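Input: a single structure, listed below in C-alpha cells.
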Amino acid sequence: MAKPETPGRPVPIDEPTEPRDPLPPPPDQRGPDYLSPTGQPTGAPQATRAQGGPYLTNAQGVRLPDTDHSLKAGSRGPVLLRDHHLREKITHFDHERIPERVVHARGAAAHGIFRAYGTASNITKAAFLAEGVETPVFVRFSTVLGSRGSADTVRDTRGFATKFYTSEGVFDLVGNNIPVFFIQDAIKFPDVIHAGKPHPDREIPQAQSAHDTFWDFVSLHTEATHHTMWNMSDRGIPRSFRTMEGFGVHTFRLVAADGGTALVKFHWKPKAGVHSLVWEEAQLISGIDPDFHRRDLADAIESGIFPEWEFGVQVFPDTPEQTFEGIDLLDPTKIVPEELAPVQPIGSMALTANPVNFFAETEQVAFHVGHLVPGIDVTDDPLLAGRLFSYLDTQITRLGGPNFAQLPINRPHNQTNDMLRDGMHQTAVHTGVAPYRPNSLDGGCPFTAGAAEGGYVEVPVPVQGARVREAPPSFDDHFSQPRMFWLSMSPVERDHIVGAYTFELSKVTETAIRERVLRVLAEIDAELCRQVAEGLGLPAPTGSPAQVRPSPALSQVGRTWPTTGRMIGIVAGDNDLDALRTVRQAVLEAGMVPVVIAASGGMLTGRGDPIPVGSTFAGARSVEFDAVLVAGMPAPGRDARGARDAKAANGKAAMVVDPRVSLLLHEAYRHAKPLGGWGDAATAFDAAGIATDAPGVVIASDPAAVLGAVTDLLGRHRVWDRFPAT
Ligand code: HDD
C-alpha cells in the first residue's frame, strides 16, 4: 500500500522493497571534493559512505520518521518510557567503547600486499613465502605505554604487528621497532608494564618513561638495559611509521619441505630509510599534532606514496645449543649483529589502503604470536612462551568473548572449518549436528590433515630438564650488547643518547634511583656515564665495561635514502610565482609533497595560473616539514599579522618578515633540517638569525639548483654537521 506523502520528506515508496543505493544528496548538501594531501582529487571511496539504504531504520530494520526528538506527552511534556528508538539509540551509544589494549593501546593501521621473492623456499615450506606469491596483509603500528588518545611522538618503543592472510591460514608477526625486549621471561611482563605505565595514584605521566617507577624497574632488572638504551636513542622517537625498522625479536624455527629446520630472526627494512625526530621536535609535535604518525601514514597512502618494507631473515643453524657465535638465540635481550649474520631479503610489503573504519579494523584487529602457518614454528624463548598464552587471553576481555576470529578484520581469507561453537557474539549459523570428530553423522567430516595435506605439524623437538624456576647462565650478561650499541653510534647519535638519559633522569625524583642508573651506565661506558652524571650534578661511578666490537649496521647516520614522501614547506609570497610554480612541480615530480605556506590562505595570484596555499603562517609549524624553502616573502601590505616593518640599510623598503616565518625557519634550523631559498630569501634567514652560509642552508639564484641541493641533503635526513657533536 502506498504511503501518504509528507511535505519536506523524500517521496515514500511502496513496500516491500529491495535495498537500493542511497538517494543522491540535494545539491546544497553535497560534500566538498575529496582531495588527497597532495591536492589530487580522489573521489570519496564507496565504502566511506555511512548509509546503506535510502531510509534511516532502527536496529530491527523499522524505518524511522524522526531521530531528533524524543517521544513526549506534548511538545513541552515529559519523555515517555515507551520510546524504543530513544532507548535503543542511547543504550547503543553507552556501549560503544571497548576496553583499550592493556599495552599498545594507541595505534594506526593499514592494508597492504606482501610479495615473496621465493628466496626462503629452501628453508621454509610456508606457501606465502614461495616465489611470486602475493598475500594480503594488515599492519598495525603502535606505541606501548600510552592510552588510546595519547600523543604519537612520545619516547617509547613502537609496535609493528603484521597479519598475513595466507592461503594456509593467518600468520601474525607481532614485532616491535626495537629488536630486543626489556625482560627475558614473560612472567615479569606485568611488572615492567606496571612500572612503565602512569603512577597508580595520580595517573601521571601519560605515555612517558621519564618517571621514577620506570627507572626503578629497569635499574633493578638490568636485563632491561639493552632495550632501554635503544629507547634512549633516536629509535625511541621515529620520524614516521614509514621510516621504522621492524623486528620479530624472538628467534623462530623455520621448517622446509624436506623437514629440515633453521633458526631465524625476522626483520622489516623500510625502503624510505630509518629516520627519527629530534627530541625537542618530538615534544613540540605532541602538542601541535598529537596524531602526527597516524596522519603521516594515512596521508602518504592516500596520496599514493605507499610505504614499503623489505622482509628479511637472519638464518642460523638449528643446533641443540641454539646459539650463534656465542650469542644465546633464546635470549630476547640479545641481537645477532648483521655483520655476523646478514639480513637476507625474502619478500617486500607495500601498504596500499587505509582502513575505512577505525573501530572495525584497527581497534578490533587481534594479533597473536601463536597464529602460525606450516613452515614457521616457535622456539623455547621463555618470553615467547608467555606471549603464546597472553594474546589469546587478552582478546577475550578486550573483544568480549571467544569469537573474535569471526570479526571481519580477523577472519582468515582461506576456508575455516573449526568445531568451535556458540559463545558470546557468535555470528555464524553453523549447520550440521556433529561438531565433533570422528563422527558418522556428518559424513565423517572434517578429516584431519597431516603434513602432506598442509596440516600444521609441530617440529618434534626433544624436550627434557628438571622443573626449575631459573634462567640459564647465558642470560646473565646484561651489559655487553648495550655497550656494543653505544660504540656503534655516530657522535651525534651518542649526543642524543646522553641528552635522553639526562632528560629522563632529571624527571626522576628519587636520588637513589638516579644513582643506581648511573651505576648501570658505568658498566656500559665511562664517557656516557660521566656526561649523564654531569648533567644530573651527581658523581660518576666507575664500572668495568666489557671488550666488544661495534656493529656499524646499528647506526642510522651516514647513509643516503630516497626522499619520496617527504614534506617540503615552501614559504612564499605573491612575488615570483613562476619560480614557485616550477619548484612546486619539481617537488611533486620527485614524489615529495610541497606545502606552500603563505600569509593567508586561498590562492597566490599573479602572473600565470594561481597557486594553492597549503598552509598559513598562523597554521604552519616547522615540525610538519622535513625541509623548508623560502621562495620570496609576502609583499608589504599583505595580511601578515604580527609582522614588523623593516627598512634596509640602503633605505629601500625591505620585505616584511613575519615573526612566525622567523620561528618556522629557526626551529627547522635547530632541528637540523635542510633549508633553502632564492630571490630575496636571505632577508628571511637574516631576520631569523640564521647565517646564510651555515651548513645545510642553500641560498642561490637558481630555484632548481636550490631544490636539487636541498633534496640531496634530505637524502641524509638531517644536517647533523650543523651542530658538531660534543
Ligand atoms: Fe605484546 C600487544 C609486541 C611481549 C602481552 N604486543 C602487543 C602489540 C605488539 C606487541 C606490537 C600490539 C598488537 C596490536 O597492534 O594489536 N609484545 C610485543 C613484543 C614483545 C611483547 C615485540 C616482546 C618481544 N607482550 C609481550 C609479553 C606479553 C605481551 C611478554 C605478556 C606476557 N602484548 C601483550 C598483550 C597485548 C600485546 C597484553 C595487548 C593487546 C593485545 O595483546 O592484543 O597480550
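Here are the numbers for the structure shown:
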read-out: Failed item, numbered, when I204 is tested on (1) away from the ligand (no atom under 16 Å from the Cβ); (2) touching a residue at least 12 places away in the same chain (Cβ under 8 Å); (3) of a type in the set (A, V, I, L, M); value: (2)
read-out: Selection from segment 138-156 of residues that are more than 8 Å from the ligand (Cβ to nearest atom), assigned to a loop (DSSP other than H, G, I, E, B) and within 14 Å of the chain's Cα centre (by Cα); value: L145, G146, R148, S150, A151, D152, T153, V154, R155, D156
read-out: Pairs with Cβ under 8 Å, 6+ apart, first in segment 319-334 and farther than 18 Å from R549 by Cβ and more than 16 Å from the ligand (Cβ to nearest atom), second modelled with pLDDT of 95 or more and part of a loop (DSSP other than H, G, I, E, B); value: Q322/T251; Q322/L329; Q322/L330; Q322/T379; Q322/D380
read-out: Sole residue being touching a strand residue (DSSP E or B) at 6+ places or on another chain (Cβ under 8 Å) and crowded, with 20+ Cβ neighbours inside 10 Å, chosen from A161, A195; value: A161
read-out: D172 vs. criteria under 22 Å from the mean Cα position of the chain (by Cα) and either within 26 Å of Q406 (Cα to Cα) or not assigned by TED's automatic domain parsing to the domain that holds W279 (or both); value: yes
read-out: First in segment 56-75 and β-branched (V, I, T), second anywhere and not in a loop (DSSP other than H, G, I, E, B), Cβ under 8 Å, 6 or more apart; value: T57/R63; T67/H85; T67/K89
read-out: Segment 157-185, subset over 18 Å from L388 (Cα atoms) and assigned to a strand (DSSP E or B), residue farthest from the ligand (Cβ to nearest atom); value: T166
read-out: Any pair with Cβ under 7 angstrom, 6 or more apart, that starts in segment 585-603 at a residue that is more than 11 Å from I568 (Cβ to Cβ) and ends at one that is charged (D, E, K, R); value: A599/R638; A599/D639; A599/D658; S600/D639
read-out: Given (1) within 16 Å of the ligand (Cβ to nearest atom); (2) part of a strand (DSSP E or B), index of the condition T135 fails; value: (1)
read-out: Residue that is surrounded by the fewest Cβ atoms within 10 Å (Cβ to Cβ), among those in segment 316-337 that are out of contact with any strand residue (DSSP E or B) (no Cβ under 7 Å at 6 or more places or on another chain) and acidic (D, E); value: E325
read-out: Whichever residue in segment 235-269 is within 16 Å of the ligand (Cβ to nearest atom) and farther than 30 Å from V459 by Cα and, among such residues, is surrounded by the most Cβ atoms within 10 Å (Cβ to Cβ); value: F241
read-out: Residue count, segment 75-114 (criterion: more than 16 Å from the ligand (Cβ to nearest atom) and in the same structural domain as T143 (by TED's automatic domain parsing)); value: 2
read-out: Where a residue in segment 392-406 is within 11 Å of P99 (Cβ to Cβ) and within 11 Å of the ligand (Cβ to nearest atom) and its partner, wherever it lies, is charged (D, E, K, R) and not in a helix (DSSP H, G or I), with Cβ under 9 Å and at least six apart; value: T394/R101; R398/E100; R398/R101
read-out: Residue that is closer than 23 Å to Y456 by Cβ and exposed (fewer than 14 other Cβ atoms within 10 Å of the Cβ), where the choices are D381, D422, D377, D418; value: D418
read-out: Residue selected from segment 209-234 under the condition in contact (Cβ under 8 Å) with a residue 60 or more places away in the chain and assigned to a loop (DSSP other than H, G, I, E, B), by the criterion surrounded by the fewest Cβ atoms within 10 Å (Cβ to Cβ); value: A210
read-out: Filtered residues of segment 664-683 (kept if surrounded by fewer than 24 Cβ atoms within 10 Å (Cβ to Cβ) and over 34 Å from the mean Cα position of the chain (by Cα)); value: G679, D680, A682, T683
read-out: Conditions (1) within 16 Å of the ligand (Cβ to nearest atom); (2) in a loop (DSSP other than H, G, I, E, B); number of the one not met by H194; value: (2)
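The values are calculated or read from the model by the stated rules, or taken from the named source; none is laboratory data. Please read these numbers as outputs of a predicted model, since none were measured by experiment. Glycine also receives a Cβ, built like all others from the backbone with ideal geometry; neighbour counts cover every protein chain displayed.
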